[in-house]
1. Considering only residues that are open to solvent by 10 Å² or more (accessible area, probe 1.4 Å), in contact (Cβ under 8 Å) with a residue 40 or more places away in the chain and more than 29 Å from the chain's Cα centre (by Cα), which ones fall in region 8-39?
2. May I ask you to list the residues in region 524-541 that are among the hydrophobic types (A, V, I, L, M, F, W, C), touching a residue at least 40 places away in the same chain (Cβ under 8 Å) and open to solvent by less than 10 Å² (accessible area, probe 1.4 Å)?
3. Can you list the strands (runs of 3 or more DSSP E) found entirely within region 449-565 that contain at least 1 residues being under 25 Å from the mean Cα position of the chain (by Cα) and within 21 Å of L438 (Cα to Cα)?
4. If you go through region 61-89, how many residues are over 26 Å from R142 (Cβ atoms) and open to solvent by 90 Å² or more (accessible area, probe 1.4 Å)?
5. What number of residues within region 209-230 satisfy the criterion of being more than 20 Å from R192 (Cβ to Cβ) and open to solvent by less than 10 Å² (accessible area, probe 1.4 Å)?
6. Anything in region 692-728 that is closer than 19 Å to D521 by Cα and open to solvent by 10 Å² or more (accessible area, probe 1.4 Å)? List them, or say none.
7. Mind telling me which of the residues A661, A665 ends up being of a type outside the set (F, W, Y), more than 25 Å from G557 (Cα to Cα), modelled with pLDDT under 95 and open to solvent by less than 30 Å² (accessible area, probe 1.4 Å)?
Amino acid sequence: HTGRVSQRIRTLVRVEGIVQGVGFRPFVYTLATGLGLGGLVGNDLDGVFAEVEGRPESVAEFVAALRRDAPPLASIERITTRPLPPDGSASFCIAPSESGDQRRALVSADAATCADCLAELGDPADRRFGYPFINCTNCGPRFTIIRDVPYDRPLTTMASFAMCELCAAEYHDPADRRFHAQPVCCPSCGPRLRLVDAAGAALPGALPGQPLATAAGLLARGEVLAVKGLGGYHLAADATSEPATAALRARKHREDKPFAVMVADLAAARLLCDVDDTAATVLTGRRRPIVLLPVLPGNAVAPSVAPGNRQLGVMLPYTPLHHLLLGEIRRPMVLTSGNVSDEPIAYTDADALQRLRGIADAFLTHDRAIHTRTDDSVVRAFRGRESLIRRSRGYAPEPVGLRTGFPRPVLACGAELKSTFCLAVRRHAFVSQHIGDLENAETLRSFTEGIEHFCRLFDIQPAVIAHDLHPDYLSTRYAEERAATGPGDLELAGVQHHHAHIASCLADNGAAGPVIGVAFDGTGYGTDGTIWGGEFLIADLAGFERAGHLAPVPMPGGAAAIRQPWRMAAAYLDSAYPGGPPVTLDVARRNERQWASVTAMARRSINAPLTSSAGRLFDAVAAILGVRDSVNYEGQAAVELEQLADPAERGAYRAAVLASAGADAAPVAATPGGARPGTPADRGRPSGVRLQVSGGDLVRAVAEDMAAGVDRSIVAARFHNGVAALIEDCCLALRERYGLSTVALSGGVFQNLLLLHAVIGRLEARRFVVLVHSRVPCNDGGISLGQAVVAAARDQRA
C-alpha cells in the first residue's frame, strides 16, 4: 500500500444572509452526508453555522457547494470559515437552534407555493390533496407568521398547531422536502378553512365540509367574498361580472382607482394583457407581485375593474388557497385589499369582521394567525427588469444590500404618503413593507408597531433617527418624540424630501454621486419653507444644491388644490392670461361659481402657498383638458392625463429656462436636526445661479391648442413631450455648468411611463447616463431608504 489516508480536519463554517426558513439546514445535512463528513449544522442569531469534519478535499468541496447549490429561497451574503480541532465525529446531525441577545439573522419573505407542493395539492392519492395550507422548505409563509428569531416553529403563529405523527416524521427526516420546514402541517394537524357570514357564524346553506366549493358558488353568483391571505384579508369578486365589480367598488368607496385581478396561470394572464418575457418571469417567480401590464382589447374583464385605464394589475396565485379557489371558479377574480379606501388592510379576524361586514357577503377564513400585516407588492417591467411601485409581500423584510455601510444604526421614518420606514445597520437597509398613508390612527399604529417588530427581529437599536423636514408629518412627529423619550440617546437628522428621493435612487443603483438629480413629485417641504416638487438638484449622498426648479405658482386653498386640480388650472391660467383665459376653455365655465374667488386668492397669496410642484403642473393641464376637475385618489388627474395622451405624437411644447441669482439661489449647506455642511457646492462647484423653468409656457401652449380645436390626445402628448424637453434642456445647462453627465430620476411623477420613456430617450441621445429606480419605488415608498443613506453619508463625512 503506497498511498496514505488524508489527514482529517474540522472546520467551523458560518453562512450569513437569508438562510433561515429556506431549507438551508437540510440542504447542509444532505450535502455533508453525501461528502462523508461528520459534524453538525444549526441556526443561531447570525444565520447558519456548521462544523464539518473529514478529508480536506471534501471540506473544500462542501464550502464551495454551499454557495453554488444553495436552496432556491436562500440568498447568501457571506461565508466565513475557521479551523477547529478534530474530535473524531463520523456522523452528521442538526443541532437545536441557539438563542441569545444578539439578533443578526435575516428573515426571508413569504414565498409562493412551489411546483412540488402544487403537484401534491392536485394529486388525489396524496394525503394533502386539496389542502389549502400545504407548504415545504421551498415555499409558504415566512415574514407574516414570524414573531421572533430564530425562525423556529415555537416563535411563529404555527406554534399552537402540534404536528401529527406523519408530519413530525417528515419534519425530522433529512431526506424529506419538509425536513425542518417550520409551518409543516396537514389536514390532520394544521389550520382549518371556514366559511362564515358577516357575524362570524357558519354560513346558512353552505355545503357541509366544502367551504371552497360554497365560496366559489358565491363568487359565481356575483357576491363579494372576503378571503384571508398571507398578509391580510382581500376582497374578491368575479372580474368578468360588471354588477359584481361595480358593487364591490361602491361598497368599498373606491370610485375610480383600478382593482387588481388574479388569474390561474400565465396563459390566462396572456388572454387579458400583453405579457413580455420580463413580466412573465416576475409573474411566475417566488414573490408573485401584482404586475402592471398593457391591456389587450376585447378582454373578458368587466369595465368597472380598471375604468379608462390602458394597464391592468395582474397577479398569479401565491397560496394553495388561491390555487384551489381559482380552480373552482375557472375565471379571473378581482383580489383587492380588504379595507375601506385609505384604511390599512385588515389582518386580524375580529378586525376583518368588524370593518368588512358592510362590504363582503361572506368570509373565507382560517385559524392560522397573521402576525404582520403585509399588502401585495406592485411591479412593472421596464427595460428588461422589474421596477417596484409598491414594495411589500414577497420582498419585505429582505434587506436592500448597499455598497457603503452605516457607521451607526439608523432608523429612517419616511414621508407621509405611501409610508415605509427603514432600519439600517452595517451594509443592510431593511425597508419595511408598504404601510400606507399616515393620515389616521390605525395606519400610525401599524407604522409604530412595525418599527418595534423590526427592531426586535434584527436587534437594531438606532443611534440616528432620520426624518422629513415637514414639521406636520406624523412620521416627523414620531421621530421627534422618539428622540426625546428614548430608548437610547438618539440624534435627529432632518433630510429634505427631494434630496431623499435622489439619494434613494443613488442607493438603488449602487452609486454615490454627485449627479444631476431630477426630483419631480406632488409635494415636498423645501428648506425655504415653500412646497417643492419640480426640482433639479446637484446631489451626492451627503448633501445637495438646489440648482433649478419649476417657477413657483400659488396653490389656491392649499391642500384643497390637490383634491381639486381645477384650482391649479385657475392659478396657472390667471398668471398666463391676466385678462382672462381664452373663452373657449371649458374649465373656467365648469367652475365659474368659484373661479373669481380662487384666482383672487392666488393673486393676493391668501391661503395660497407657493409651489414648484411638477405634480401640480400635471393637475392643471389635466383640468384644462377636461380630464378631471377633482380627484378621488392621489395622483389620479396625472394618471388619467397619461392615459389620454397619444403615444405616437412627437410634437413638444417648449418652456423657457431662465437663470436667477440672489439670496434665493444660495446653495443648501445644512438642514435642521443635526445635519452638517457637506454639499456638492462645498467642494468648489459653481453656485449662486439657479435655473427657473416656466411651467406657465406649457400651460399657455396647451390652452392655445385647445382653443384652436386640436385633439385632446395630441395636446396631452405634446405636454408630456414638453416636460421631457424641459428636463433635457435643464440637464444640458447643468452639465455645462457642473461637468456632470449622470442624471438620477426620482419622485412619483416618474411612475408615468410615457414621460419616463421620453425623458430617458432624450437624455441618452445627449449621452447622459440615466439612473432610475428598480429595487425600491420612485415614489414616497423609497424615501425612507434615501433618508437612511443620507444620514449614513453625513456620519462618514463628519
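1. R8, I9, R10, T11, L12, R14, R25, P26, F27, Y29, T30, T33
2. W532, F536, I538, A539
3. Output list reads 464-468, 491-495, 515-525, 531-539.
4. 4
5. Within region 209-230, residues that are more than 20 Å from R192 (Cβ to Cβ) and open to solvent by less than 10 Å² (accessible area, probe 1.4 Å) number 2.
6. Matches in region 692-728: Q692, S694, G696, N721, E728.
7. A665
For (1) in contact with a helix residue (DSSP H, G or I) (Cβ under 6 Å, 6 or more places away or on another chain); (2) not hydroxyl-bearing (S, T, Y), each residue gets a yes or a no:
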site: E764; (1), (2): no, yes
site: F768; (1), (2): no, yes
site: C778; (1), (2): yes, yes
site: S784; (1), (2): no, no
site: A788; (1), (2): no, yes
site: A793; (1), (2): no, yes
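The values are calculated or read from the model by the stated rules, or taken from the named source; none is laboratory data. Model, not experiment: these values are computed from the prediction. Using ideal geometry, Cβ is built from the backbone for each residue, glycine included, and neighbour counts are taken over all protein chains shown. All accessible areas refer to the heavy atoms of the entire protein, side chains included, with ligands and DNA or RNA removed. Shrake-Rupley method; radii C 1.70, N 1.55, O 1.52, S 1.80 Å.
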